[in-house]
Amino acid sequence: MAFARRDGELHAEQVPLSAIAREVGTPCYVYSRAALTARFRAWRDAPAAQPKLICYAVKANSNLAVLDLLARLGAGFDIVSGGELQRVLAAGGAASRVVFSGVGKTPQEMAEALAAGIRCFNVESAAELEVLEEVAAERRRPAPVALRVNPDVDPATHPYIATGLRAHKFGIELEGAFDLYRRAAASPHLRVVGLACHIGSQITDLAPFLAALDRLLDLHDRLVAAGIPLRHLDLGGGLGVRYRDETPPEPGDYVRAVSQRVGARPVELLFEPGRSVVAGAGVFLTRVLYLKRTAERNFAIVDGAMNDLLRPALYDAWMAVEAVSDAPREADRYDVVGPVCESGDFLARDRLLALAPGDLLAVRDAGAYGFSMSSNYNSRGRAAEVLVDGDRYHLVRRRETFADLVRGETRLPE
């Protein structure tokens, strides 16, 4: 295991987490190279009858060191902004292995991605297709496109991270996709290369994925019959992980089921995993400042807050919390809360912990949507990030300083 307890203390690979906290400070994120590698390989090496490309969803964790490692392992990348494209390129990723998703691409982002030579734009509306066509015409370079269709499948996940129903802002309704494909195929400025969908995140059952795939395959076959061949099928991401008692399928099970459904159709399979690659490869370290007891409940006030790790406050997400070092003291139930001036500033509620001020805590499975969703709320500098590699570790993002917080700001002139 990448994070295991040895001699009464939690380690990241071969490094005690307390040693990292002493040198780097808290709060901080710690990632395991071994865990990142193993989880990506579970996707990359999963057997399939068709060729496949694993496009890591950059939004899950966009640290340059993480992207660098995944690029070395052969990853493609799923991006949702021009900034994410620049990150991928800065980390050594190949533009030719990038797919650009998202409902609000700007003309400037489109132009930059087109100039870089990305593999595909996942187009999410007729209006976006029209703007992309104009950008491509101005640049005299055909834009490779896939339409992201909305299959109207309930992914049975948190409503904030469900994306595949008609009520959501994402994708193009199946009923109108065929005609929009014919329009794209007729344009000299667009090059139809694929068909895409993405129905949500933290999905722990294969059934919604396969239901969406069946609807995609029906559209694929209609398009091929109409003389519009497709080079790839992009199934998106969304495979869940175990935070508490979930039992998600393994990547290999998912890839195998998709491959069998696709059968002899001559297409490449694209997958866009994010959480399932990085969540379990990271922990969030925070230190207990004070213990506070009231008539209602006990609070462990820590130096990490909702601005550092938003998932519990935003989604009411459950994440495991444990003391880094064993302590021979009596346990009690605590809400683990931060110093931000919001009642929603909590990392965990009603947890049985044996604590004293100064203790170091680890929030498990924090590698996905941890730092990438963090902010400077309450003028708090964002946390440091560390990547552990065997018995060594590297500071891959230093903690933000006050100078970082006010960079670009000015006072009023006299």
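Read-outs throughout are calculated quantities, based only on the coordinates presented, and are distinct from any laboratory measurement. As the structure is a prediction and not an experimental result, all values here were calculated from the model. Positions of Cβ are generated from backbone atoms using ideal geometry, with glycine treated the same way; all protein chains shown enter the neighbour counts.
A few notes on this one:
- Cα gyration tensor, the range 33-275 - rounded (a/c under 1.5), prolate or oblate: oblate
- Sorting the segments 96-104, 396-404, 205-213 by their mean number of nearby beta carbons within 10 angstrom, highest to lowest, gives 96-104, 205-213, 396-404.
- Highest mean packing first, where packing is the average number of other Cβ atoms within 10 Å per residue, the peptides 136-144, 292-300 line up as 136-144, 292-300.
- Least to most buried among TYR369, TYR377 (fewest other Cβ within 10 Å first): TYR377, TYR369
- Degrees, to the nearest 10: 251-262 long Cα axis against longest axis of the chain: 10 degrees
- Estimated from helical segments only, the mean residue ellipticity of the chain at 222 nm is -8500 deg cm²/dmol, where each DSSP H run of four or more residues counts as -39500 (n - 2.57).
- Degrees, to the nearest 10: 107-116 long Cα axis against longest axis of the chain: 80 degrees
- Cβ charges +1 (Lys, Arg) and -1 (Asp, Glu), total dipole of the range 207-360, debye: 220 debye
- Using 0.36 nm per residue and subtracting the Cα-Cα separation, the extra length available between SER375 and GLU330 on full extension is 12.7 nm.
- Per-pair calculated FRET efficiency, R0 = 25 Å: GLN14 and LEU73 via Cβ, rounded to 0.05: 0.75
- Projected label distance in nm at ALA211 and ARG191, using a 7 Å step from Cα toward the beta-carbon: 3.7 nm
- Summarising the strand pairing of the chain, around 50 percent of its internal DSSP beta bridges are antiparallel.
- Radius 12 Å from Cβ of ARG139, net charge of other residues (Lys, Arg +1; Asp, Glu -1): -2
- The 3J(HN,Hα) values that the Karplus relation (6.51, -1.76, 1.60; θ = phi - 60°) gives for the range 316-326 are, in residue order, 6, 6, 8, 10, 5, 10, 8, 6, 5, 10, 5 Hz. Gly and Pro appear as x.
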